[in-house]
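Quick note: the coordinates plus some simple rules give every number you see, no bench work behind them. Just so it is clear, the structure is predicted and the values come from calculations on it, not from any experiment. Virtual Cβ from ideal backbone geometry, glycine too; neighbours counted across all protein chains shown.
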Amino acid sequence: MQVEFLGSFPTLTGRPEPVRPEFALLGRSNCGKSSLINYLLGRSGLAHTSRQPGKTRLLNYFRVADRYDLVDLPGYGYAKVSKRQRESWWSLLRDYLSGDARLTAALHLLDGRHEPGDHDQEISRLLRAGEIPFAVVVTKLDKLTQKEQMPALRRIIETLDLAPETPFLLTSARRRIGRDEVFGWIDEVLTGGVQDV
Ligand SMILES: Nc1nc2c(ncn2[C@@H]2O[C@H](COP(=O)(O)OP(=O)(O)OP(=O)(O)O)[C@@H](O)[C@H]2O)c(=O)[nH]1
Ligand SMILES: [Mg+2]
């Protein structure tokens with residue numbers, strides 16, 4: 001997989017020119033965005049991961065196979081940074097989603113063990129309001145037993161009030177599960193096979 005790191009950008013202005021379709025990874029802090037990027041792109045340490053929530057502080061752009069960009073964004077909801085910092089990341093995200101319509105599609109990541117929070121609900125609403133195609137990506141599947149999986153998915157569908165046709169991609173960066181499904185979905189979006197839900 002050919003991957004080019006385009007850089008880290010603290011604000012929306014100054015990002016790379018939107019010359020490729022753009023896919024964003026959105027999710028609460030610590031839900032596993034950076035780990036998923038590293039797993040998908042096959043390079044450990046490409047995106048910074050941490051036990052310490054709040055690790056990703058910038059918009060990180062990765063160009064994949066010269067076809068599209070994947071963007072690793074700061075997670076929302078991390079309690080231990082200052083309120084001001086939290087609010088500034090959140091408003092960056094909101095602007096990112098409602099701003100200039102350059103986003104092709106989004107991957108909304110949710111740690112399968114936790115109930116989606118208020119910010120997750122807001123993100124989901126913003127995606128639908130902006131008619132941005134999205135898939136729900138359940139992360140850390142290795143932490144759920146077989147028996148816990150269905151209830152976890154049902155809880156996400158109910159809390160986020162998702163349409164039944166919303167794509168669900170089940171992943172574990174640790175156990176290396178779900179890569180083909182994620183890339184398959186991205187390909188469908190790129191070839192026009194995915195409708196807004
Ligand atoms: N068991 C398990 N742990 C995971 C998995 N993916 C990530 N983690 C762990 O979850 C923690 C957070 O992972 P990150 O990838 O840094 O999460 P993030 O969403 O990028 O976090 P922020 O940058 O703070 O928004 C780390 O301790 C990871 O090792 C997974 O598939 N399984
Ligand atoms: Mg991160």
Checklist entry - Once phi is turned into θ = phi - 60°, what whole-Hz ³J(HN,Hα) does the Karplus curve with 6.51, -1.76 and 1.60 give for every residue of segment 134-147, x standing for Gly and Pro? => result 8, 10, 8, 10, 7, 9, 6, 3, 4, 8, 10, 6, 3, 5
Checklist outcome for this item: Here the gain from full extension of Phe183 to Leu58, 0.36 nm per residue of separation minus their alpha-carbon distance, amounts to 42.6 nm
Item to check | Backbone HN-Hα couplings from phi across segment 164-172 [Karplus 6.51/-1.76/1.60, Hz, Gly and Pro as x] | outcome: x, 8, 4, x, 10, 10, 9, 9, 9
Checklist outcome for this item: In segment 3-190, lysine pairs 8 or more places apart or on different chains with C-alpha atoms under 28 Å apart total 13
Next on the checklist: Students often check this: by mean Cβ neighbours within 10 Å, which of 107-115, 119-127 ranks highest, and how do the rest follow?
Outcome noted: 107-115, 119-127
Item to check | FRET E, pair His48, Thr145, Förster distance 30 Å, beta-carbon r, rounded to 0.05 | outcome: 0.50
Next on the checklist: Would you calculate the convex hull of the Cα atoms in segment 3-190 and tell me its volume per residue in Å³?
Outcome noted: 111
